[in-house]
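In what follows, a structure is listed as C-alpha cells, so that the remarks can point back to it.
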Amino acid sequence: MKIRSVFKKHVYWFHLFVPAKGHVLSEDSNGKVISAEVSILTESQQLVWEGKIRVLINQFGIYPQPEDLNRIQASDTAKKMLLIELRRYIKPQKAFL
C-alpha cells in the first residue's frame, strides 16, 4: 500500500506490504511477530530507506520492534510517521494475520 503522510512541513511516502506467505516469523503466548516490507520516500520520490521491520501483534496492540526502527537511517520525524502509518496499515489486517 502506498501512503502519503504529512506532519507539519514534513512529507513522506510510505510503501507498506505484509506478504501473504512467510510473514509470521514466530508465534507464542505473547503474540505473533510478523515481517513487514517498508520503503520510505521523500515527496520527490527519492528513496530514503528500504527494508523489513518486525512487528509484534498481540491482544493489546501492534508494536514495531525498536531495534529495527533504530537501524533506519532517516530523521526522527520520519520514524514517528512510519510508526503511525505502520500501525494504521496493519490494524485492519490483524484478524487475518
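Computed from the coordinates by the stated procedures, all read-outs in this text should not be read as laboratory data. The model shown is predicted, which means the values in this text are computed figures rather than measured ones. When we count neighbours, we look across all protein chains shown, and the Cβ atoms used for this are built from the backbone with ideal geometry, even at glycine.
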Exercise for the section: Could you sort out which of K8/K52; K2/K52; K9/K94; K52/K91; K9/K32 sit more than 25 Å apart by Cα distance in this structure? Expected result: K8/K52; K9/K94; K9/K32
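Report the FRET efficiency, 1/(1 + (r/R0)^6), for L47 and F17, where r is their Cβ-Cβ distance and R0 is 22 Å, rounded to 0.05. If you can, show how the numbers build up before the last one.
Values: r = 15 Å, r/R0 = 0.69.
So, using R0 = 22 Å, E works out to roughly 0.90.
Please list, by residue number, every one of the GluC sites (Glu not before Pro) in the stretch 24-88 that is coil in DSSP and has at most 15 other beta-carbon atoms within 10 Å.
Working: sites: E27, E37, E43, E50, E67, E85; in loops: E43.
The qualifying sites are E43.
Give me the dipole magnitude in Debye, nearest 20, for the chain about the Cα centre, with unit charges on the beta carbon: positive for Lys and Arg, negative for Asp and Glu.
On the way: 15 positive and 9 negative charges, 67 e Å.
Rounded to the nearest 20 debye, it is 320 debye.
Identify the trypsin sites (Lys or Arg not before Pro) of the stretch 1-69 meeting these criteria: DSSP loop state and at most 16 other C-beta atoms within 10 Å of the C-beta. If you can, show how the numbers build up before the last one.
Details: sites: K2, R4, K8, K9, K21, K32, K52, R54; in loops: K8, K9, K21.
Here the sparse-neighbourhood loop sites are K8, K9, K21.
Considering the convex hull of the alpha carbon atoms of the chain, report its projected area averaged over all viewing directions, in nm², one decimal.
Values: hull surface 25.1 nm².
So the Cα hull casts an average projection of 6.3 nm².
By how many nm would the segment from Q73 to I3 lengthen if fully extended, with 0.36 nm per residue of separation less the alpha-carbon distance? Please report the intermediate quantities before stating the final value.
Working: separation 70, 0.36 × 70 = 25.20 nm, distance 1.95 nm.
Full extension from Q73 to I3 adds 23.3 nm.
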Practice task
Report the label-to-label distance for A95 and K80 in nanometres (one decimal), using points 7 Å from each Cα along the Cα→Cβ vector.
Solution key: 3.3
Exercise for the section: Please check which bits of the stretch 1-36 a label hung off R88 would reach, taking the label as a point 7 Å along Cα-to-C-beta and the cut-off as backbone N under 15 Å. Expected result: 1-17
